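A short write-up of the structure that comes next.
None of the figures in this text is laboratory data; all of them are computed from the coordinates on show. Everything numeric here is computed off the predicted structure, so don't read it as measured data. Cβ atoms come from the backbone with ideal geometry, glycine included; neighbour counts cover every protein chain shown.
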Ligand SMILES: [Zn+2]
């Protein structure tokens with residue numbers, strides 16, 4: 001009898017091309033292939049390794065704000081191109097491309113709503129839109145939301161997903177947004193109102209150096225990249241190897257830059273408890 005005889009059963013191998021598109025996602029943390037429906041149900045957090053996938057601004061609002069209570073501010077505000085910027089792509093082309101890709105008009109959604117029945121002003125930046133960078137529209141929308149909150153005595157929550165910092169396509173107009181948003185938060189603070197900043201992957205540069213870094217409480221999602229200059233540029237400048245985990249949530253918590261790290265599934269509850277505690 002042959003040792004390696006033909007098996008009596010048939011081995012069915014699922015080839016990659018047999019997997020319908022859009023049903024599976026490969027985890028960037030552990031390379032596990034995840035069923036999209038499971039991933040969605042788990043708020044886009046890998047059930048195997050706790051990798052937090054990037055969420056769009058709309059999804060953020062949906063998981064934090066009570067159903068049917070969100071009222072958007074300034075939804076029609078559109079970016080201008082003050083420098084008539086031309087690069088490999090013009091600024092206008094880049095805007096149109098990311099508008100098509102995300103369905104957003106700009107990188108921030110702002111408004112107000114109820115979080116566990118508590119009225120708050122909320123702003124969310126979306127890292128899929130020109131890296132969530134802060135141009136004039138993002139700065140103006142965030143400033144106006146903070147000013148409304150000051151006038152109507154609401155706490156502010158800002159969820160940052162801004163790897164791009166200030167939007168250099170708009171030159172100094174984008175840099176001015178750093179002072180403008182910070183100043184609005186200062187007035188809000190002087191009225192005895194509080195502001196919670198939530199940092200998601202990534203929050204860098206001019207955003208981290210302005211409103212994102214100014215929270216009375218600063219929360220981060222696990223393993224988010226948080227900092228000013230990116231690690232590669234720092235390494236090239238100081239010609240030294242950076243410690244492992246540099247600029248990640250866990251590292252910046254240990255060094256006192258943030259107050260807590262909260263898993264996405266606990267974020268709404270934590271924010272609700274902080275609102276109760278701080279009101
Ligand atoms: Zn994973």
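Shown here: region 142-267, whose C-alpha atoms stretch 48, 38, 22 Å along the first, second and third principal axes, sorted largest to smallest. Annotation: the antiparallel percentage among DSSP beta bridges lying fully within the chain is about 50.
Axis of helix 172-190 versus longest Cα principal axis of the chain: the two differ by about 70°, to the nearest ten degrees. Contact order for region 160-275, expressed relative to its length and based on alpha carbon pairs under 8 Å spaced 6+ residues apart, stands at 23 percent.
Taking 8 Å as the Cα distance limit and 6 or more residues as the minimum spacing, I'd like the relative contact order of region 208-279 as a percentage.
For region 208-279, the relative contact order is 36 percent.
In the elastic network of the chain, a GNM with C-alpha springs shorter than 10 Å, the most mobile of 98, 81, 126 is 81. Annotation: the residues 154, 134, sorted from fewest to most other C-beta atoms within 10 Å of their own C-beta, follow the order 154, 134. Among 28-39, 206-217, the peptide with the highest mean count of other Cβ atoms within 10 Å heads the list, and the full ranking is 206-217, 28-39. Principal-axis analysis of the Cα atoms of the chain puts helix 91-102 at an angle of about 60° to the longest axis.
Between the helical axis of 264-278 and the longest alpha-carbon principal axis of the chain there is an angle of about 20 degrees.
Here the relative contact order of the chain, from alpha carbon pairs under 8 Å that lie six or more residues apart, stands at 13 percent. Put in order of Cβ neighbour count within 10 Å, fewest first, the listed residues 52, 188 become 52, 188. Counting only DSSP H runs of at least 4 residues, each contributing -39500 (n - 2.57), and dividing by the residue count of the chain, the helix-based mean residue ellipticity at 222 nm comes to -10000 deg cm²/dmol.
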